[in-house]
Amino acid sequence: MYKYKLLTILAAFFAFTACESLEEVPYSSLSVDNLYQNEADVDAALYGVYSTHNVSNHDLWYFLATSGPSESVVVRLKGDGNQGRLSSLSFTATDAHGVWWPNFYRMINRANAVMANVSKAGLDPALEEEKTAEARFLRAFAYFHLVKWFGDVPLHLEETTDFSDESVKKPRAPMEEVYAVIIDDLQYAETRLPASYISAEQGRATSGAAKSLLGKVYLNMAGKPLELTANYALASQKFAEVINSGSYALQSNFGDVFSIDNEFNDELIFVRPNIRETGVGTVLTFFAGVPQSPFANRNGQYQFGFTEYFYNSFNPEDTRRDETLLYSYVDALGREVTFNSPDNPALPFGGYGGNKGIGFGKLKDPFNDISAFAHTNDIIFIRYADVLLMHAEALNEQGQTTEALPFLNQVRSRAGLENVSTTDQAELRDIIKQERKWELAGEYVEYGDLQRWGDIEASLFLNEDAAVFNTVYSPAIELLPIPQGQIETNENLTQNPGY
Amino acid sequence: MKLFYHVCLIGLLLLSAAGLRAQNTTISGTLTAPDGTPLIGATVQQEGTSSGTVADLDGNYSVTVSGPDATLIFTYTGYKTVREIVGNRTTINLVLAEDAETLDQIVVVGYGSQKRSDITGSVSSVSSEDLEKAVFTSVDQLLQGRSAGVQVTSSSGEPGSGATIRIRGNNSISGNNGPLYVVDGIPIAGSPNFNPQDIANIEVLKDASATAIYGSRGANGVILVTTKRGESGKTRIDVSHNTTYSEVINTYEMLNGQQYAEFRNEANRDLGQPEPFPNPAEFAGQGFNWQDEILETGQRSETGISLSGGSENVRFFVSGNYLSDNGIVKGSSYNRGTIRANLDMDGLNDKLLVKVNFNAAHSQNQRAITSSRGFPASAGPIFNALTSEPIVPSLTYSGFTGEGNQFYNPYLEVTEQDDRQFLTDLVASTEATYKITDRLSYTFNGGVNFTLNNRDIFTPKTVGTGINANGQASNSRGQGYDYIVSNYLTYDDIFRGSDHALTAVTGLEYSEFNNYSSSSSTSNFDIETLGSDNIGIGTGDVSVGSGRSLAVLQSGFLRANYAFKDRYLLTATIRADGSSRFAENEKWGYFPSAAFGWRVSEESFMADNSTIDNLKLRFSIGETGSQSIGSYQSLARYGTATYGVGGIETLAYIPASVANPNLKWETTRQIDLGLDLGLFKNRLEFIFDYFKKTTVDLLQSISIPSQSGFGGALVNFGSISNEGVELAINATPIATSDFSWNTGFNITTYKTKVIELGGDEEIFGPGLGVNVFGNGHIFRPGDEYGLLYGFNAIGLIQESDFDGDGNITVPIRNNDSRLGAWKFEDITGPNGVPDGIITNLDRKVIGNPNPDFLWGWNNDLNYKNFNLNFFVQASVGNDVYNTIGTAVNSGFNNNEAYKNQTVDWYENRWTPENPTNDIRYPSINSSSPPVANYMVEDGSYIRLKNISLRYTLPLANSVLSSVQLYLTGTNLITITDYSGFDPEVSSLGGNSLAPGVDLGVYPRQKGYTFGANVKF
């Protein structure tokens, strides 16, 4: 009797303690097993690759690492912050440009992940190639930034699936190898990507974008530091294909290129589309905005502007000047504001306690009541005028000065300037360079252009911030330093010389 | 005024009490053991009251009782308790019989209880009597200084704020270092949220022998909380009320209006800019003292009632408590209501005992200090109260300052911003024990713990981050549903009657942890009146999210206690934990421990020793774990993002993590050597422990080279160790019939050392934030835990530091060679030698946030009906980063926005006329201060944490059985060299990587409490 009682109790004892599986099934996140089921899934994964370029306030550091180190841009904050150091080329390994190293490599890994998994969706082979081409375009886009900013960089061409040292601690690969991968990716992409997309998918990479980028890659390889001058011909060949495609045209009015009412216009070849939602808008408009200006109604931060020197460099006839620089305007309170005007000292335009720079006119979003961090201005990476000027540059460098002129003059005449007719290669070179500075000011090209031309030292003498920071030229500043944090986590990385 | 009123009221009550006293009778007598020896220190108490006394050295006592109906209870450890109705007697002499059963205090251990004398592990106990004499809001606060080996740091003085508890140091770098709380047998997540006055006992389990029964959750120590229960007999009703008035302990002296105008003029002149305040004298006597504007006298009141009693087979304890705490920062308040019902039922001829416990707590916290890290918009009102300029047009001004900078108004922050945090906790459990035989019993314990956490914040367009957002609101909801079922068998004393005694417990347990969360936020509020109660009004960017997680823990456990001749004790424990949080290759962990005890005092050679009553040596060894892994951390997961393709927000998939099939718990190996010594009839007691523990397989978020596409990963890497000693001394130096003095002192010292970091040479703590740049803590193999790390300022740059051509001759940082700027030590350079320039390589260890000693000293003095309790607590030898102090003591200019400064700095700053070399006083317009030795201060303190005077009215009233009145002071005296609000601070308290940082938290307060307890 007693025995049975005990057994009953023991049975109950184990029954009460249910045995559940210890296997985990996450409720709120996806796994690779339930992704990549169809084309929509692959597209979502591709958008994930694109989205690596839109990270909180990193637009500021993107701007300051591309347009900042030039004579035309000046920053407001002259303290010991990142703004001044980037703008004055007093680079250090802990500066904020470093946030872009992870961003670019995140883009690369996500692109690699798409390439590794796209076949699971069972798409039509041509369509699958198109998706792979898009991933490869984005990978090339990221590597091109890396190689321009840092020189030799580690090459990761497979999706990261474990954190072994072999997987994550690769050393830097020579620039030539990186360029070879970029060219290979873009050549794959240019023949497989579509020429255009339906309106709901505008902003995705097109074959025109791939060709334009490939031309730009060749042009940069032909310039400093590699000086593979044979690539000028390859570059002009690609630009000619883009121009002859008839897909693109200049806007007749320069200001329309940047208007938020005219997005995805014919002049734009590759952009990052932004909308007024946090995470998919740009914060750059807020950082550029002048307080009380009618162009960014969320009390802009006015972190950077253009120099007075740059303003004065314009021909007064040039229609681009007053679109690019907010020299004088009527502010949100109806007051007339003129940069540095002695007539209205109460208005702080020009900076509290000193000249800080002329407001930035290419990013205007006056109606935003959503968020300071979510402006709709698209980030323009490549536009037709850029391609025309690069084409002119590539032709001129091959000695085809006469052939170069029409492309240069297309851009000039839109700006209301007279045609150039010189066929002196050196003279024309200087004219093209200056034309790029006027046309593309603040469009993330300045530092790269100076690198390619070997003009960084010359620019330094005109750089207002460099004067404040006493920046002395050294070959080190032809490249940005590898971010300190990356060197600390990967002992196989070496720092660029001079840092 | 209110204060005065209360003093008067108390006085009146005291007077009326004196009048009542005449009705009492005094009983006296002698208490002896059967052999005739006096029972020194035996307790005599009137039943149902707290009036009582203890017997003196001759066993004599004298006690006042309310009348002939009173029952006296005579108790003495190791002897049978006797109850006597007084009747008409005035003398009661008693011989108490020895009682082997009660020879010992019963100590609750995991899944059972044990006699104190049989305990082989390190367990310290705190009883409700120790706790009743101070004012506590939360359960985690009350252990401060009460138990050796336990460090309690409350992060701030905010009403309802929690505390950081470390038992025997930090075991982990990135994992959780907090102990496991077990309330009436139910392990709960986080720290308990209920009325501390419901607590009967707290046991702190410290060594591996005691904690191994909790396996993968035991490594950080276990705190067992036992709540009060009813006893058979007359229903007792206790009503209590107290009110506390509190004020800030210390404030900063900031520049007033005129001084500020002068300071700003000087700063601008220095930069070659026009003076902003051409006539400073016009601001004489003007300007806001923002500290005064946001601080007020805090008022806290607490009312509680409890009923307990029952019949022979059903007993109950029911309590309700309401707390309202309006802290010293305007706009902040903490209100909490709690209800508890504990029910005990016997059945089946006393073979079945069922305990039902229910506790509900709801708190509403109006928070004034939302943030103290983001700069400038969300630096928080305390930071802004110190730094905001005093000259603005009005108290409620929220516009641009004269120079066009945004003004962040601290007064509006505390009064206009609405930040509500509501917490609801329900804990219910049923424990049923059935005695299958005399020696074997079966226990079922099932419990639930439901938590709801709501936080709603509305920041209007006049405050901080609301300014740019045009008002912003957020709602967040968290729900937790935890279930636990345990079943265990207890075999008691199987070989009873022989020299061998064996007790064993074995069982199974299943726990489930469910969490649900959701959040939404938006901005742009054209109408602000409805605040966060209708965030749909906001037309700004909307952000919504939700999440759900489930974790499962399955366990089996076994504990065996063996004693030979009551002298040689052995305890062995093992627990197996299977956790869903562990990775697929490491689902099960096993945690064994063993402990040995030798009761030397029971040996025959000690029998004649009349001094030593108790001497026990203890040794334990074992392994415990810490499974502070979030759910799903070992899996390869994808998350989502969006991209604006085509101008439309479109869903995107992104890889979020890489699989780690080997992720597992942290393992802590601990040895403990202990000695318990009781002298002079145990009137003097020593408890000494030496411990050493080593934690391996540290869970760490390590940085992965970003070229992988990922930034970090959670891995098991590295180890740290803790080694230290603890000593507790309890004594009853005086015990006469009129006067007794009990005192307890405990002291702890330990060192936490980093042994290895899995290949990393060093790990840095987080950035300190708020205008101070850089990380401030370092973790390196061979070093102590979390040493303060930064630049070493050695003076200020003087004229003499320049050569004849005006070139600086000393190493400088960031090209800063201005006179009066900081001069730093050039420690090394890229080539391992000083390189003549100050860079991040020139940082070194500049302080140690770990105390050398922690001690607590409790004293309880009884004189007739008076009781005086005072409790002193100290932390000695720890350094604190006074980062807020440096921000207001350096005259620096940040983002062109000047900050107010202290008078101390302004009067002593470097000027050409006052070329000081004191690093606390750099010249005006100093650069943003990097983390350096000038912000390190000695954070040692000795605090009169609590002092309480109680008077018990001797009543002969049949309705009221006792009335006790008291005055309590909290934090009345703090002896410290620290210059900030208070040295006990941990702004980054949630982050184990950053101990001892003061970023300007809710200031701690000193309080005066008046209260009464009435028993019916």
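Bear in mind that the values in this text are calculations on the coordinates, not laboratory data. If you're wondering where the values come from, they're calculated on a predicted model, not measured in any experiment. With ideal geometry, Cβ positions are generated from the backbone for all residues, glycine too; neighbour counts draw on all protein chains shown.
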If you line up the long axis of helix A:100-117 against the longest principal axis of chain A, both from Cα atoms, how many degrees apart are they, to the nearest 10? 50 degrees
Under the rule rounded for a/c under 1.5, else prolate if a/b exceeds b/c, else oblate, using alpha carbon gyration tensor axes a ≥ b ≥ c, the range B:106-227 is classed as oblate
Using a 10 Å cut-off on Cβ to Cβ distances, tally the other chain neighbours for every residue of B:696-707 and report the average as a whole number. 6
Counting sequence-distant residues (5 or more places) and residues on other chains, those with an amide H built under 5 Å from that of B:ILE838 are B:ILE812, B:ARG813, B:ASN814
Pairs of Cα atoms under 8 Å, at least six residues apart: use those to get the relative contact order of the range B:380-475, whole percent. 24 percent
Could you check what % of the DSSP bridge pairs in the range B:106-227 are antiparallel, to the nearest 5? 85 percent
Place +1 on the Cβ of every Lys and Arg and -1 on the Cβ of every Asp and Glu in the range B:51-194, take the dipole about the Cα centre, and give the residue among B:ASN170, B:ALA70, B:SER128 whose Cα lies farthest towards its positive end. B:ASN170
Which three semi-axes in whole Å describe the equivalent ellipsoid of the range B:628-712, each the square root of 5 times a Cα gyration tensor eigenvalue, listed largest first? 54, 15, 10
What list of ³J(HN,Hα) couplings, whole Hz, do you get for the range B:669-680 from phi and the Karplus terms 6.51, -1.76, 1.60, once you set θ to phi - 60° and write x for glycine and proline? 9, 9, 10, 9, 10, x, 9, 10, 9, x, 10, 6
For chain B, take the longest principal axis of its alpha carbons; what is the angle in degrees between that and the long axis of helix B:2-20, to the nearest 10 within 0 to 90? 10 degrees
Net charge, B:SER708 excluded, C-beta distance under 14 Å - Lys, Arg +1, Asp, Glu -1: -1
Using the crude model of +1 on Lys and Arg Cβ and -1 on Asp and Glu Cβ, and no other charge, please compute the dipole size for chain A relative to its Cα centre, in debye to 20. 920 debye
Calculated from backbone phi, Karplus (6.51, -1.76, 1.60) coupling profile of the range A:46-63 in Hz, x at Gly/Pro: 5, 4, x, 5, 4, 5, 5, 8, 10, 10, 5, 9, 5, 4, 4, 6, 4, 4
With Cα atoms, 0 to 90° folded angle of helix B:257-270 axis to chain B main axis: 50 degrees
Under the definition of partner shielding as Cβ atoms of other protein chains within 10 Å of a residue Cβ, what is the mean value for peptide B:245-254? 0
List the residues, sorted by chain then number, that are 5 or more residues from A:LEU326 or on another chain and whose placed amide H is less than 5 Å from its amide H. A:GLY359, A:PHE360, A:GLY361
Within the range A:348-428, GluC sites (Glu not before Pro) in DSSP loop having at most 10 other beta-carbon neighbours inside 10 Å: A:GLU418
Looking only at other chains, what is the average number of their beta-carbon atoms within 10 angstrom of each beta-carbon in B:630-642? 6
Cβ-placed point charges (K, R +1; D, E -1), dipole of the protein assembly as shown about Cα centre in debye, nearest 20: 4560 debye
Cut-off under 5 Å, modelled amide H: who pairs with B:ALA652 long-range: B:ALA641, B:THR642, B:TYR643
May I ask for the distance between the Cα centers of the range B:282-307 and the range A:49-70, given as a whole number of Å? 46 Å
Against the rule of thumb 2.2 N^0.38 Å, how large the Cα Rg of chain B comes out: 1.02
What are the ³J(HN,Hα) couplings of the range A:65-75, residue after residue, when phi is run through the Karplus curve with 6.51, -1.76, 1.60 and θ = phi - 60°? Round to Hz, x for glycine and proline. 8, 10, 8, x, x, 8, 7, 8, 9, 9, 9
